[in-house]
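Contents: one structure, followed by commentary.
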Amino acid sequence: MIEQCSGKGQVWVFRTLQKKWDQDCIESCRDIKKDIKVMFWSCFRGRAIIGLMDLSGDPESKGGGVTGRVILECALKKILPQILEGHSDLIFMQDGAKVHQRKELVAWLKEKGYKVIVWLPYSPDLNPIEHVWAELKKLVYKLHPELYAIEGPDDIIIEKIKGTVYEAWE
């Protein structure tokens, strides 16, 4: 997920105790809306990065967010068969997000006979895709630092975020 005002990574500032609260050492994010986010799905196999796509929220869900149904219909059914075709030895990995544990999604993967890694809770650092997302977010803000505090209508900001993420992905 790419969220406005997040993902830049840590910035270290070294200063004396007397300068601890100098404004040039502080970057505030208080006045920026943080509820603008775009969810993406992607995968890779070895060194091949495949199929980035932005996911729309599920209008049938209570909160309108991305659900297992959206991931199944938009990503897995369209991309996964192409990736795993002819490679029955490959194992499908996904992060530990609750949305990936939805019964319709898990049932579809089982039905297709895909081998799926089960991740331990609280171990995202072991999952390679998490490192890809972290680097992608840093690159997004390196290419377009104005995204950090861009203002305007939500739909314009969302489209700008999407365009920048696809640019960074390439």
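The values are calculated or read from the model by the stated rules, or taken from the named source; none is laboratory data. Since this is a predicted model, take the numbers as computed values, not measurements. Note: ideal-geometry Cβ built from the backbone for every residue, glycine included; neighbour counts use all protein chains shown. Just the protein is used for accessible areas: all its heavy atoms, side chains included, with ligands, DNA and RNA removed. Shrake-Rupley method; radii C 1.70, N 1.55, O 1.52, S 1.80 Å.
Note on the stretch 52-121: the alpha carbon radius of gyration divided by the globular reference 2.2 N^0.38 Å gives 1.13. If the Kirkwood radius is taken over C-alpha pairs of the stretch 22-170, then at 37 °C and 0.692 mPa s the Stokes-Einstein diffusion coefficient equals 189 µm²/s. Using a simple spin-label model with pseudo-atoms 7 Å out from Cα toward Cβ, Glu159 and Lys112 lie 3.2 nm apart. In the full protein context, the stretch 21-170 carries 67 Å² of accessible surface per residue, based on a 1.4 Å probe and ignoring ligands, DNA and RNA. When a 1.4 Å probe is rolled over the protein heavy atoms, the share of accessible surface on the chain that falls to carbon and sulfur comes to 55 percent. Where the centroid of each part is defined by its Cα atoms, how far is the stretch 142-170 from the stretch 63-136 in Å? The distance from the Cα centre of the stretch 142-170 to that of the stretch 63-136 comes to 26 Å. Counting only Cβ charges, +1 for Lys and Arg and -1 for Asp and Glu, the dipole size of the stretch 14-145 around its Cα centre is about 140 debye.
Heavy-atom accessible area for Tyr141, with the other protein chains in place and a 1.4 Å probe, reaches approximately 20 Å².
Out of every Cα-Cα pair that the stretch 85-170 contains, those further apart than 19 angstrom amount to 58 percent.
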